[in-house]
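What follows is a structure written as structure tokens; I'll ask about it next.
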Amino acid sequence: AQKITQTQPGMFVQEKEAVTLDCTYDTSDPSYGLFWYKQPSSGEMIFLIYQGSYDQQNATEGRYSLNFQKARKSANLVISASQLGDSAMYFCAMRETLYNQGGKLIFGQGTELSVKP
Amino acid sequence: DTEVTQTPKHLVMGMTNKKSLKCEQHMGHRAMYWYKQKAKKPPELMFVYSYEKLSINESVPSRFSPECPNSSLLNLHLHALQPEDSALYLCASSQEVPGFGNEKLFFGSGTQLSVL
């Protein structure tokens, strides 16, 4: 069975500083996708970044980058130059490849990030 | 248009009521999902529809009944719910490419459901 672990229930970061949110995963499937989503207090899940298991380079999307270490089964999210609007819950998720069945996206427990002015 | 629209945003219902949650997307996605999320917890998968057919049911109680009338719409029919069913219900969609399966999910803002 798949498992996603986020060991930081809550984190604080000073505005304009960088922060790393940890995520480790466990799967026996050689093909999988790793995702990070942001959920502000409004409730919507906002896609941030994606890393495929066969991707050679770490994914980057603006201020977000994913530190993918396949051998260690970790997929940490790095947010550079934190902004007050980054305060939210962040979920790491893994997608199992189920061909023609829509797939299953399984979430970690989440990390609540608070950005201090 | 990259939106998934859910209605209503808030719903209060009694345990004997029948209500429905609605979800709509116009991105041409062929997979749609229902997730249930309790406060401060991760979303939990309930159902997956792929090409308008139910492909995954995560052992959800029968008081929750999903329906996919067409490729753009997804409903969740609610009947005889319990107070512990109070939660945020999230709908999502994704493009499905047969044999690939790693497309990102687009989520709606959710319906906050309270069962009294």
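Being facing chain A (nearest Cβ under 9 Å) and open to solvent by less than 10 Å² (accessible area, probe 1.4 Å) is the filter; apply it to region B:92-103 and report the residue that is modelled with the lowest pLDDT. Spell out the reasoning first.
Going through region B:92-103, the residues facing chain A (nearest Cβ under 9 Å) turn out to be B:92, B:94, B:96, B:98-103.
Applying the additional criterion that residues be open to solvent by less than 10 Å² (accessible area, probe 1.4 Å) yields B:92, B:94, B:101.
Values: B:ALA92: 94, B:SER94: 88, B:GLY101: 53.
Here the residue is B:GLY101.
Related question: Considering only residues that are in a helix (DSSP H, G or I) and not acidic (Asp, Glu), which ones fall in region B:58-100?
Just the residues of region B:58-100 that are in a helix (DSSP H, G or I), to begin with: B:83-85.
The answer is B:PRO83, and nothing else.
In addition: What number goes with the only condition from (1) under 12 Å from the mean Cα position of the chain (by Cα); (2) touching a residue at least 40 places away in the same chain (Cβ under 8 Å); (3) open to solvent by less than 50 Å² (accessible area, probe 1.4 Å); (4) away from chain A (no Cβ under 11 Å) that B:TYR89 does not pass?
Condition (4) is where B:TYR89 drops out.
If the requirement is being in contact with a strand residue (DSSP E or B) (Cβ under 8 Å, 6 or more places away or on another chain), farther than 20 Å from A:TYR90 by Cα and not small (Gly, Ala, Ser), which of these qualifies: B:PHE106, B:PHE64?
One residue alone meets the criteria, B:PHE64.
Within the group A:PHE91, A:PHE68, A:PHE47, which residue is assigned to a strand (DSSP E or B), in contact with a strand residue (DSSP E or B) (Cβ under 9 Å, 6 or more places away or on another chain) and surrounded by fewer than 19 Cβ atoms within 10 Å (Cβ to Cβ)?
A:PHE47
Can you tell me which residues in region A:5-36 are open to solvent by less than 60 Å² (accessible area, probe 1.4 Å), under 18 Å from A:LEU113 (Cα atoms) and in contact (Cβ under 8 Å) with a residue 60 or more places away in the chain?
Within region A:5-36, A:THR5, A:GLN6, A:GLN8, A:GLY10, A:MET11, A:VAL13, A:VAL19, A:LEU21, A:ASP22, A:CYS23, A:PHE35 meet the criteria.
Considering only region A:27-39, state which residues are at pLDDT below 95, touching a strand residue (DSSP E or B) at 6+ places or on another chain (Cβ under 9 Å) and more than 7 Å from chain B (Cβ to nearest Cβ).
A:THR27, A:ASP29, A:SER31, A:TYR32, A:LEU34, listed by residue number.
So that you can scan it fast, the table gives a plain yes or no per residue for (1) surrounded by fewer than 17 Cβ atoms within 10 Å (Cβ to Cβ); (2) of a type in the set (Ser, Thr, Tyr); (3) more than 14 Å from the chain's Cα centre (by Cα); (4) modelled with pLDDT of 95 or more:
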residue: B:HIS29; (1), (2), (3), (4): no, no, yes, no
residue: B:TYR49; (1), (2), (3), (4): no, yes, no, no
residue: B:LEU78; (1), (2), (3), (4): no, no, no, yes
residue: B:LEU105; (1), (2), (3), (4): no, no, no, no
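The values are calculated or read from the model by the stated rules, or taken from the named source; none is laboratory data. Note that the structure is predicted; figures quoted are calculated from it, not measured. Backbone-built Cβ (ideal geometry, glycine too); neighbour counts: all protein chains shown. Keep in mind that these areas ignore ligands, DNA and RNA; they rest on the heavy atoms of the full protein, side chains included. Shrake-Rupley method; radii C 1.70, N 1.55, O 1.52, S 1.80 Å.
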